[in-house]
Amino acid sequence: QVQLVESGGGLVQPGGSLRLSCAASGRIFSINVMNWYRQAPRKQRELVAAITSSGSTNYADSVKGRFTISRDNANNTLYLQMNSLKPEDTAVYYCNLDQRIRSYWGQGTQVTVSS
């Protein structure tokens, strides 16, 4: 099994920055894709950013140029650097790991962007 634990969420003013982390443990295979999703109140969960084990990345249009996804394979840790945050970025952010047709989720961390 795989466990994912997110951290780094909180309250930040518009224009501010936060860095989310996701620590993965358990049976992690060398080939996988790690993702950040978010879900705002009364909205569907959406993909924010993805990164393969080889480092290829993909971003939602709404966060391009503001968010950066990265990973530390040696320590099985996923990051999301979020800059120039906007109120519409407010959501619960979830870490996700896809490997060998199975998908694992963290418990989520709240990000609130408000003055």
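The values are calculated or read from the model by the stated rules, or taken from the named source; none is laboratory data. As the structure is a computational prediction, the values presented were derived from the model and not from experiment. Reconstructed Cβ throughout: ideal geometry from the backbone, glycine too, with neighbour counts over all protein chains shown. Quick note on the areas: whole protein, heavy atoms, side chains included, nothing else; ligands and nucleic acids left out. Shrake-Rupley method; radii C 1.70, N 1.55, O 1.52, S 1.80 Å.
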Index of the failed condition, G65 passing every other in (1) assigned to a loop (DSSP other than H, G, I, E, B); (2) within 19 Å of S114 (Cβ to Cβ); (3) open to solvent by 60 Å² or more (accessible area, probe 1.4 Å): (2)
Members of the range 1-44 that are among the hydrophobic types (A, V, I, L, M, F, W, C), part of a strand (DSSP E or B) and either open to solvent by 50 Å² or more (accessible area, probe 1.4 Å) or farther than 16 Å from A91 by Cβ (or both): V2, L4, V5, L11, A23, A24, V33, M34
Residues of the range 84-115 classified as surrounded by fewer than 19 Cβ atoms within 10 Å (Cβ to Cβ), charged (D, E, K, R) and either at pLDDT 95 or above or in contact with a Phe, Trp or Tyr (Cβ under 9 Å, 6 or more places away or on another chain) (or both), total: 4
Tally, over the range 90-115, of residues that are assigned to a strand (DSSP E or B) and in contact with a Leu (Cβ under 8 Å, 6 or more places away or on another chain): 11
Boolean, S53 is touching a helix residue (DSSP H, G or I) at 6+ places or on another chain (Cβ under 7 Å), free of Cβ contacts under 8 Å to residues at least 60 places away in the same chain and among the small types (G, A, S): yes
Filter result for L47 (surrounded by 12 or more Cβ atoms within 10 Å (Cβ to Cβ), at pLDDT 95 or above, out of contact with any Asp or Glu (no Cβ under 9 Å at 6 or more places or on another chain) and among the hydrophobic types (A, V, I, L, M, F, W, C)): yes
Tally, over the range 68-78, of residues that are out of contact with any Phe, Trp or Tyr (no Cβ under 9 Å at 6 or more places or on another chain) and either of a type outside the set (S, T, N, Q) or open to solvent by 60 Å² or more (accessible area, probe 1.4 Å) (or both): 3
